[in-house]
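What follows is calculated from the coordinates using simple rules that are stated; it is not laboratory data. If you're wondering where the values come from, they're calculated on a predicted model, not measured in any experiment. Cβ: placed from backbone, ideal geometry, glycine included. Neighbour counts: every protein chain shown.
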Amino acid sequence: MPNLSEPSGKQRIQSIDILRGVIMLIMALDHSRDFIHIAGPNGDPTNMETTTPILFFTRWITHFCAPTFVFLSGISAYLAGLRRTKSELSAFLIKRGLWLIFVEVVIITLGFTFNPLYNLFILQVLWAIGFSMVILGLLVRAPLAVIGVIGGLIVFGHDILDYLQLPQNGTDAGYILLRLFLTARATLFTINSTHLVFDFYAILPWTGMMSLGYVFGSLYKPSFDQQKRRRILLYAGLSVLALFFILRILNLYGDPAPWSVQRNGVYTVLSFFNVSKYPPSLLYSCMTIGAALVILSLTEKVHNRLTKIFAVYGNVPFFYYILHFYLIHIITVILFYASGYNNSQIVDPKSPFLFRPSTFGYNLGIVYLVWLFVIFVLYFPCKWFSKYKKTHSQWWLSYL
């Protein structure tokens, strides 16, 4: 997104950078928990039988990251189109989408597993964003209203699949495509006897979010009245949040995991907000995107020292995203040896990550300390790269 101070003539939208920066920081908490917490990748912090309120919150707050990031990517795609023809925008989104898929499969997978043999490929948010960009690249020639309708039908309608009897396993192409595009939730695919694919993100529900973000991007045209934009964002966000509460109270549609009365009031509230991310349910989307719209409205004219810090991370989310995985995993390796583990325990069949045996881990207090350390350390390279992007205009910077 553009910045008038940049030599390229681009102008950045401060509220978008602030929100994106906040969610990038929160996201590092979730990945710190994956690597450092005693329950790690094998535990479920949203299991009402085993979780605690603080552990649940540590996971729940990070639910806002992926959908907000995908939605903002849609807005960014629209803004990128203001400087390009439809044909140029289509080509750019397809190329950038394929690049993100490559980064997910090759660079992020290695950062997650530290396994140079790539016995396990992990498909997460960049996989979903990349594929969604490719699809959006094919759609951008359509009228904005058509893109909005397609996005709305996907987001509001894909939970109908919860009521259908779908195959639960299989190896045929139909089953694999169904999982990849609509129903993947930590789905394991076998390539051969030594290589597996772990898919967390079903593509189309995220494509719906990006498409709606693309439509909302039209509110950020230079000619659009700022006060009107803030009002639309606020009312839209509050309406979506209201829809979340109404549908969640009714407990009839919008999430495959209905809430229920638990052992006490606190856990009943946790159950109410325990919506499904894999794949993202309608209620999950409403809860997260609704909040994002409200924040975009309220922060458009907020400028202070804290928001400047958030914007540093939000200026370079891709750069930060890659670095934070490798930094967290390097810290994990250090703690692995500091905890008394040896080279014979680097590989654990029960853990998908090297240097992260299933018996390894610390309490949440240590997780939060690691998280704060990670975001503090990454502030400086992010600030440098943010300044570099603002003062340079090489073509490849648009892919980072």
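So which helices of the chain fit the span-like rule, where a helix is a whole DSSP H run, its Cα atoms reach 18 Å or more along the axis, and its mean Kyte-Doolittle is at least 0.5?
14-36, 65-81, 86-102, 125-139, 144-157, 203-216, 226-250, 282-298, 317-338, 364-391
With Kirkwood's inverse mean 1/r over C-alpha pairs for Rh, give me the Rg to Rh ratio of the range 14-399, two decimals please.
The Rg/Rh ratio comes out at 0.95.
Report the local net charge at Ile232: Lys and Arg +1, Asp and Glu -1, summed over other residues whose C-beta lies under 14 Å from its C-beta.
+3
Among the DSSP beta bridges whose two residues both lie in the chain, what percent are antiparallel, rounded to the nearest 5?
In the chain, DSSP labels about 50 percent of beta bridges as antiparallel.
Could you give the longest part of the chain that holds none of the trypsin sites (Lys or Arg not before Pro) found in DSSP loops with at most 15 neighbouring Cβ atoms within 10 Å?
In the chain, the maximal stretch lacking such sites is 1-82.
Give me Leu241, Leu369 sorted ascending by neighbouring Cβ count inside 10 Å, so fewest comes first.
Placing the least packed residue first, the sequence is Leu369, Leu241.
Return a single number: how many Lys pairs in the chain, at a sequence separation of 8 or more or on separate chains, have alpha-carbon atoms below 16 angstrom apart.
10
Determine the shape class of the range 279-326: with a ≥ b ≥ c the square roots of the Cα gyration tensor eigenvalues, call it rounded for a/c under 1.5, and otherwise prolate if a/b is greater than b/c, oblate otherwise.
oblate
How much net charge surrounds Leu247 when only other residues with a Cβ under 11 Å from its Cβ are counted (Lys, Arg +1; Asp, Glu -1)?
Spelling it out: positives minus negatives among the neighbours equals -1.
Grab the DSSP H runs of the chain that are 4 residues or longer, score each as -39,500 (n - 2.57), total them, divide by all residues and round the 222 nm result to the nearest 500 deg cm²/dmol.
-19000 deg cm²/dmol
Starting from the coordinates of the alpha-carbon atoms of the range 301-400, obtain the Kirkwood hydrodynamic radius over all distinct pairs and give the value in Å to one decimal.
15.9 Å
Two-decimal Rg/Rh of the range 27-103 from alpha-carbon positions, Kirkwood Rh?
Across the range 27-103, the Cα-based Rg/Rh ratio is 1.19.
Given a 10 angstrom Cα cut-off, can you work out which residue in Gly97, Gly174, Gly254 is the most mobile in a GNM of the chain?
Gly174
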